[in-house]
Amino acid sequence: MVVHEFTVVPGTWMPRGEALSLDLPCPTAIWQGIPGEKSLIHVYHRGRNLWMGRWLEAIEQADPERVDPPCDRYSACGGCPLMHLTPVGQRRVRLDLLRKAFEDEDVPLGRVAEVVPFEGPQREFRHVVKLAAGRSERGNLRLGAYGRNSHAVIPIPECLVATPSLREAMKVVSHHMIGLAIPPWDAETGRGLLRYVVLRQSRASGDVLVTLVAAHFSAALVTLAEEIGRGFPAVVGVHLHVNDGEGNAIFQHDGDGLGGTRHLVGKGVIEERLCGARFRIGPGDFFQTNPSMAEKLATEAVGALLPGRPLVDLYSGVGSIALLGAATAGWAIGVEEVESAVLRARENASLNGVPAEFVMGQVLSVLPEIQTRLGATRPNVVVNPARRGLEEGVLGAILALDPARVLYVSCNPRTLARDLRDLLKAGFHLASVTPFDMFPNTSHVETLVVLDPSSAARDEPSRGPRRRRVGA
Ligand SMILES: C[S@@+](CC[C@H](N)C(=O)[O-])C[C@H]1O[C@@H](n2cnc3c(N)ncnc32)[C@H](O)[C@@H]1O
């Protein structure tokens, strides 16, 4: 008889937010488990290298930070793996994961202040929702999240972490998708139409922008866009992004960015405010999902810039860090590979009357031109790459700028620690490490690291850069 229930005491956290037990013949990832808590678990999958289990109950004493997850889709959806912990307990997990990532790369974390908390209830903070289109087991059309450990689409109309307007918008989109019988894309057969729906709301205006992501154009999508716009007044604009690529990426980037995006109805952009500045955001542009935490992070980052030195903002998106930092730095230049985001960043610079330039291109290929322009001026350099961290060669190109200070903003402790190890080897030291509760209920950690060159001969005064647009 196969035994499925076991008593274990998990030892550590896994990066995705499960607890890891080494008590069984194979390492076991335990959904809803907590390290140090003796628990009864159900093992539901035995892989070659990893078993998967689900927490059933605590034996003897429950961890003091354990709570009942308040969402009825907690286990089916899996998007909020730490919802079984109090906010204090969640912050401990994030700090543990950060510590572990640094230890693995031999980077001395030193004394880190607590994770900067997200104030208020851990709900309704998400201003972006990404939904997949699919079918239920009975073949009915569905819009929702991919299920935990499966490709099934789980409807999440009452998602607790999305803003109320995004919840309403989800229902409206879903209702019209079903009403118009828009077929979801089926990757196996290569048939169907709608792949994803991305909804973003501005905290400042309440406006919602909808992006339909489809495998190809169809007039039915224009009708869907019109119905959505009529169905919920908060939706001010709808776009279509055509993604006919393989894989699960939502947006398909061509040479110039999001080439296959067209505006269907209403406004083309929504406007957000961060630290008093105005930011126009369009479909597919990166912008933090939690504006109040983004504001805290930006304030801390801008406060850490060395005044009077130019700011080089690498991976600049629609320009948030560059534009907020330009006043302190005197002048900023941002580098971003997505053309639409670059155009928006330039628009945002003039909207806010800020002296900043934005260059379109890959960081690695643009940096040498920036080096030429800066000459001997030693800049502040901010990097905020995607989860994969700095691409090969980028660190060397940054070092060639001889930065007076480097700020590294990261959403992935593991690639952050890897890149910090290389920066330490190159002679920098960590001046501060500040993690932020950007993504409550998840194990993600957003971290700001400030690095200074160790050499004392680093304090000569700065001269201004030549202000010419490069590489645009
Ligand atoms: C994590 S986002 C940061 C955006 C911005 N700093 C912010 O706070 O809103 C990373 C950005 O880097 C851009 N990106 C990714 N790889 C790039 C590369 N090799 N060169 C230039 N930009 C890149 C992405 O398009 C995205 O806008």
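Read the figures in this text as sums done on the coordinates, not as results from a lab. The shown structure was predicted, so the numbers you read here are calculated from the model rather than taken from an experiment. Glycine also receives a Cβ, built like all others from the backbone with ideal geometry; neighbour counts cover every protein chain displayed.
³J(HN,Hα) across segment 268-275 via Karplus (A = 6.51, B = -1.76, C = 1.60, θ = phi - 60°), whole Hz, x for Gly/Pro?
Going residue by residue, I get x, 9, 10, 10, 10, 10, 9, 6 Hz, with x marking Gly and Pro.
Each label point is 7 Å from the Cα along the Cα-to-Cβ direction; what then is the distance between the points at LEU24 and HIS216, in nm?
Placing both labels 7 Å beyond Cα along the Cβ direction yields 4.6 nm.
Within a 10 angstrom radius of the beta carbon, how do HIS444, HIS45 rank from fewest other beta carbons to most?
Numbers: HIS444 20, HIS45 12.
Sorted ascending by nearby Cβ count, the order is HIS45, HIS444.
Suppose a student asked you for the relative contact order of the chain, using Cα pairs under 8 Å spaced at least 6 residues apart; what percent would you report? Before the final figure, lay out each step's value.
Values: 1047 pairs, mean separation 55.4, N = 472.
Relative contact order of the chain: 12 percent.
Enumerate by residue number the GluC sites (Glu not before Pro) in segment 314-421 meeting two conditions: DSSP loop (anything except H, G, I, E, B), and at most 15 other Cβ atoms within 10 Å of the site's Cβ. Mind dumping the intermediate values first?
On the way: sites: GLU336, GLU337, GLU339, GLU347, GLU357, GLU369, GLU391, GLU392; in loops: GLU337, GLU391, GLU392.
Filter output for segment 314-421: GLU391, GLU392.
Label points 7 Å out from Cα along the Cβ direction at ASN49 and GLU114: separation in nm?
Going by the 7 Å Cα→Cβ label model, 3.8 nm.
Per-residue counts of other Cβ atoms within 10 Å, averaged by peptide: what ranking do you get for 401-407, 302-308, highest first? Mind showing how you got there, number by number?
Working: 401-407: 21.4, 302-308: 16.3.
Taking the mean over residues of other Cβ atoms within 10 Å, the ranking is 401-407, 302-308.
Per the Kirkwood formula on distinct C-alpha pairs, the Rh of segment 156-308 is how many angstrom? It would help to have the intermediate numbers written out before the result.
Values: mean 1/r = 0.0599 Å⁻¹.
Radius from the Kirkwood sum: 16.7 Å.
Taking just the alpha carbons, could you work out the radius of gyration and Dmax for the chain, both in angstroms?
23.4, 77
Placing unit charges on C-beta atoms (Lys and Arg positive, Asp and Glu negative, everything else neutral), compute the dipole magnitude of segment 12-162 about its Cα centre in debye, rounded to 20. Can you show the working numbers first?
Working: 20 positive and 19 negative charges, 137 e Å.
Dipole about the Cα centre, nearest 20: 660 debye.
Taking the Cβ of each residue in THR163, THR289, THR7, THR86 as the centre, tally the other Cβ atoms inside 10 Å and list the residues starting with the fewest.
Ordered from fewest to most neighbouring Cβ atoms within 10 Å, THR163, THR289, THR7, THR86 come out as THR7, THR86, THR289, THR163.
With +1 on each Lys and Arg Cβ and -1 on each Asp and Glu Cβ, and nothing else charged, work out how big the dipole of the chain is about its Cα centre, in Debye to the nearest 20.
Details: 51 positive and 52 negative charges, 135 e Å.
Using Cβ point charges on Lys, Arg, Asp and Glu, the chain gives about 640 debye.
Using a Förster distance of 25 Å, how high is the FRET efficiency between ALA386 and HIS151, based on the Cβ-Cβ distance and rounded to 0.05? List each step's numbers first, then the result.
Details: r = 23 Å, r/R0 = 0.93.
Efficiency, from the Cβ-Cβ distance: 0.60.
Please arrange ARG421, ARG387, ARG148, ARG48 by counting, for each residue, the other beta carbons lying within 10 Å of its beta carbon, fewest first. Please report the intermediate quantities before stating the final value.
On the way: ARG421 15, ARG387 11, ARG148 18, ARG48 6.
By the 10 Å Cβ count, ascending, the order reads ARG48, ARG387, ARG421, ARG148.
Volume per residue, Å³, of the convex hull around the alpha-carbon atoms of segment 1-137?
On the way: hull volume 24.2 nm³, N = 137.
Hull volume normalised by residue count: 177 Å³.
If the cut-off is 23 Å between C-alpha atoms, which lysines fall inside it for LYS100, apart from same-chain ones fewer than 8 positions away?
LYS38, LYS425
Please compute the modelled spin-label separation between ALA376 and LYS425, points set 7 Å along Cα→Cβ, answer in nm with one decimal.
3.1 nm
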